[in-house]
Amino acid sequence: MTKFKPQHQRLLFIDSEVRKGTYPNCSTLAEKWETSTKTIQRDIDYLKWQMEAPIAYDPARRGYYYTEKSYRLPAIDINESDLFAIYIAERALKQYENTPIYRKLVSVFEKIENLLPEKVSIRPAWADDRFSVFCDRMTRIDPAIWDTMFTALREQKGLKIHHQVPGYEEPMPRDVDPYHVVCYQGEWYVVGFCHYKEEVRTFGMSRIKKAEMLDRRFETPADFDFERLAGTHFGIIWGDKEYKVRIWFSADHAPYVKERDWHPTQTIRENKDGSIVLSFKTNHLFEVKRWALSWGAGARMLGPKELVEEMKQEIRDTARYYK
């Protein structure tokens, strides 16, 4: 059975053969590509009339050549919809501006742009003043630490890091086996086995002040599964105990809550007065509390009991600052 070969691959093949200057024709091209001469003829017509390639036939040499010797078929097949998607993605890259990955992604976009025909722009002029992307602000990460971290992750080598814990004056040295890296709300985190605590811990990469790759290699445990480890987490912190969270939202706030998925396990109960109760399961409460507080008087914690008490205390403490 003939293998499926997309048209653009054939076009690149034809372009390569023509640029050799050997004057190939439909028969020789069809034989090399293992297809019919009619298919090659259609491809050449497409190159000439649709892609405006300067291809011509020389009757004396019985083959095709380029009338412009410097011509080269763009090595990427891309349509208007693809270009627009790339344009939007390029704007979204701004959220990584303070991280070393930004310069690498920009380099990739420049390579894509250089492969396009001169008359095709990756930035449609009509969209410049019609689309904006407001990105989360990323934490700043030292490029040297970033490169060391990902090299250790790729080569499965241990790391000696100096991690600055909030509230402590000096960074704490730790030997870590990096298993996984995750990005969340503007921060990159490395998840790995901490030899000091003798358990899997999470470290914010922006808080790592120094990182050194060790000669010691490690094997990621066969039973390590980040998705299973994080479980029903709400945010970047997780634990072993699971809680059933229930939050009441006022009728004014309900439409904003209903329009998003906040958690994979969530359910919403609508009340007659327009208010709702959002319920979900999670294995840590710290970030749930911070999120619920961000809704102000429009949200009221209903459970679990320990989180209700924490919310009350937090509100009392906050109120003291406004007396």
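See the values below:
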| read-out | value |
| --- | --- |
| Chain lengthening between Lys32 and Val165 when straightened (0.36 nm per residue, less Cα-Cα) | 41.5 nm |
| Part-to-part distance (alpha-carbon centres) for segment 11-63 and segment 133-163, which is given in Å | 49 |
| Reachable lysines, given that their alpha-carbon falls under 17 Å from the alpha-carbon of Lys32 and they are not under 8 places away in the same chain | Lys3, Lys5, Lys20 |
| The chain: most fluctuating residue of Cys194, Cys26, Cys183 per GNM, C-alpha cutoff 10 Å | Cys26 |
| Förster radius 45 Å - calculated FRET efficiency between Leu214 and Lys20, Cβ distance, rounded to 0.05 | 0.30 |
| Efficiency of FRET from Cβ geometry, Tyr184 and Lys272, R₀ 30 Å, rounded to 0.05 | 0.20 |
| Among the listed pairs Lys281/Lys305; Lys104/Lys157; Lys289/Lys312; Lys244/Lys289, those beyond 19 Å (Cα-Cα) | Lys104/Lys157 |
| Crossing angle, helix 80-92 versus the chain [Cα axis fit, 0-90 degrees, rounded to tens] | 40 |
| Förster radius 25 Å - calculated FRET efficiency between Lys241 and Ala297 (Cβ-Cβ, nearest 0.05) | 0.30 |
| Burial ranking of peptide ranges 317-323, 185-191, 18-24 (average Cβ count within 10 Å, highest at the top) | 185-191, 18-24, 317-323 |
| Simple label model, 7 Å out from Cα along Cβ direction - Ala319 to Gln41, nm | 8.8 |
| Cα-based convex hull, the chain, per residue volume (Å³, whole number) | 261 |
| Fluctuation leader among Val257, Val245, Val133 - the chain, Gaussian network, Cα springs under 10 angstrom | Val257 |
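We did not get these values from a lab; they are worked out from the coordinates using the rules stated. Small disclaimer: the values here were computed from a predicted structure and weren't measured. Don't worry about glycine lacking a Cβ; one is built from the backbone with ideal geometry, like all the others, and counts go over all protein chains shown.
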